[in-house]
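Asker: Sharing a structure here in structure tokens format.
Since every read-out is calculated from the coordinates, none of them should be taken as a lab result. Keep in mind it's a predicted model, so treat the numbers as computed, not measured. FYI the Cβ positions are ideal-geometry reconstructions off the backbone, even for glycines, and counts take in every protein chain you see.
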Amino acid sequence: MPETTRSGFVTFVGRPNVGKSTLTNALVGEKIAITSEKPQTTRRAIRGIVNRPQGQLVIVDTPGIHKPRTLLGERLNDLVEQVLGDVDVIGFCVPATEKVGPGIGASSPLWTATRVRRRSRSSRRRMRRAATRSPSG
């Protein structure tokens, strides 16, 4: 029986300073993403690879999702939305030391990011179906 290789892409999303980069570093086994107490330290998508006998996982570390007040903040949120459309699994990170609050409503950036992810997956399915159909004519 031929050996099957499994692989996939995963990202962690959450507000700034919830531990996304720390978790990425821990899973990869070395420091690939800078960590700091200062919010928005991660300003680009950083990829790390986890190799296991069962398969390979590419972890994409992203900036924290927040209500942008500057153009930089808008660009960082845009980057996160782009990454959400490119991965197979999304892990939602919340700080374990804080109470769950009302910050995730229908107008919050995290809610919007989830909706973008759903739309992008269904768009990819439609594109795949269209590509496999035989051309008419």
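Asker: So how do GLU74, GLU30 line up by other beta-carbon neighbours within 10 Å, fewest first?
Answerer: Fewest-to-most Cβ neighbours within 10 Å comes out as GLU30, GLU74.
Asker: Give me the Debye-computed log₁₀ of I(q)/I(0) at q = 0.24 Å⁻¹ for the stretch 1-78, equal point scatterers on Cα only, no solvent, two decimals.
Answerer: Debye intensities relative to I(0), on a log10 scale: -1.07.
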